[in-house]
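Quick note: the coordinates plus some simple rules give every number you see, no bench work behind them. Every value quoted in this text rests on a predicted model; they were computed, and no experiment measured them. Glycine gets a Cβ as well: all are built from the backbone with ideal geometry, and neighbour counts include every protein chain shown.
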Amino acid sequence: MSRQTRRNSLHTWRGVEAFGCLNATLDVVLFTPAHVCAALLTLAPLLWAAFFPKQFVRGCGRIPRLAQPCAPALLALPYLMVALSSGSFRWFWLGVYALLPVILAVLLAHARDADPEQRGTWRDLFVLAVVGLAVDLRWFERAWPPHLSVFSKMLLLDAGIYDFLAIRRLDGVGFDLRVRLRDLATGARELAFYAPVAIVLGLGLGFLHLNPQPQWWRQAPFAFVFTFFFIAIPEELFFRGWLQNLLERRLGRTSALAFTAILFGLSHFNKRAAHFNWRYVLLATIAGVFYGRAWRQNRRVAASAFTHACVDTIWSLWLR
């Protein structure tokens, strides 16, 4: 594989390749009612929790206590709709999507009862490890038709949102997408700090290459919105709202920031690369420091997601 081929293969869920996958997905979804229903069911928990966080927790709290861990089994419905309409149904995957979210919810229910001070337990870290590895290593993408594997990532995100916010009742997450001016100010500040470091280091290492996309000004708004909701929000909620949040209670602010940034960097080792991409890992680790700073300023996922989305948009449209 040539250097140019490897370099162009680095954009997983990012940049023009990501937008192309989304367009292909939309072509299918727009003409398949089952896909539309599945997409709405998948987005509903995320949007409810993001824009009506108190109502989300209060509404989930009305579910009988014994039934609360079983509620995530409903996440199997989007898989069932897509699989039956596309002829890709497998009982195994139905079982995975019906049972795994329930198992994770049971673990976090035990964590809630065993750790009311919310200092974090092995159960919390186990759930994070399962969700993180499943997304990063694409364990469940084979369950979905081509171009619809985004469902795998979003359903795992839904499971995490329900488990940590409604079952575990983890505080300080900051998952509220009613964006405030201070979120934008904080995110812009960290972008201004990180961008010069990333550009100089990336160009020096040969990882970044100045290559503005034709008519980038037309692509930029869509690129930012897509990246914000489908890349930045899931990753920032996981790494900052859940992981860094929990680690701070055990390790302290500085150590938690550094450790989370390292894990964030390592999660990029295999992004469409045939080898361990240490340049990507290094730049992602440094980015993780600034994303973590943005989140912990006011403990707001929207702030770090803004920085994250700006970085990825600039990368995909100008430095590909």
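Here is how the numbers come out for the structure above:
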{"quantity": "Selection within region 162-205 - assigned to a helix (DSSP H, G or I) and acidic (Asp, Glu)", "calculated": "Asp163, Asp183, Glu190"}
{"quantity": "Scope region 79-95; condition in contact (Cβ under 8 Å) with a residue 24 or more places away in the chain and among the aliphatic types (A, V, I, L, M); matching residues", "calculated": "Met81, Val82, Ala83, Leu84"}
{"quantity": "Close pairs from region 113-139: first of a type in the set (Gly, Ala, Ser), partner part of a helix (DSSP H, G or I), Cβ under 6 Å, at least 6 apart", "calculated": "Gly120/Leu246; Gly120/Arg249; Gly120/Arg250; Ala134/Leu156"}
{"quantity": "When residues of region 71-95 are limited to those that are crowded, with 17+ Cβ neighbours inside 10 Å and either among the aromatic types (Phe, Trp, Tyr) or under 20 Å from the mean Cα position of the chain (by Cα) (or both), the one farthest from Trp139 (Cα to Cα)", "calculated": "Pro72"}
{"quantity": "In region 272-298, the residues that are under 17 Å from Leu191 (Cα atoms) and basic (Lys, Arg)", "calculated": "Arg293, Arg296"}
{"quantity": "Output for region 220-257, where each listed residue is surrounded by fewer than 18 Cβ atoms within 10 Å (Cβ to Cβ) and either more than 19 Å from Asp183 (Cβ to Cβ) or of a type in the set (D, E, K, R) (or both)", "calculated": "Ala220, Phe222, Arg249, Arg250, Leu251, Gly252, Arg253, Thr254, Ser255"}
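Condition check ((1) surrounded by 20 or more Cβ atoms within 10 Å (Cβ to Cβ); (2) in contact with a Lys or Arg (Cβ under 9 Å, 6 or more places away or on another chain); (3) closer than 22 Å to Leu237 by Cβ) across all residues:
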{"site": "Asp115", "(1), (2), (3)": "no, yes, yes"}
{"site": "Gln118", "(1), (2), (3)": "no, yes, yes"}
{"site": "Trp122", "(1), (2), (3)": "no, no, yes"}
{"site": "Val127", "(1), (2), (3)": "yes, yes, yes"}
{"site": "Val130", "(1), (2), (3)": "no, no, yes"}
{"site": "Val135", "(1), (2), (3)": "yes, yes, yes"}
{"site": "Pro146", "(1), (2), (3)": "no, no, no"}
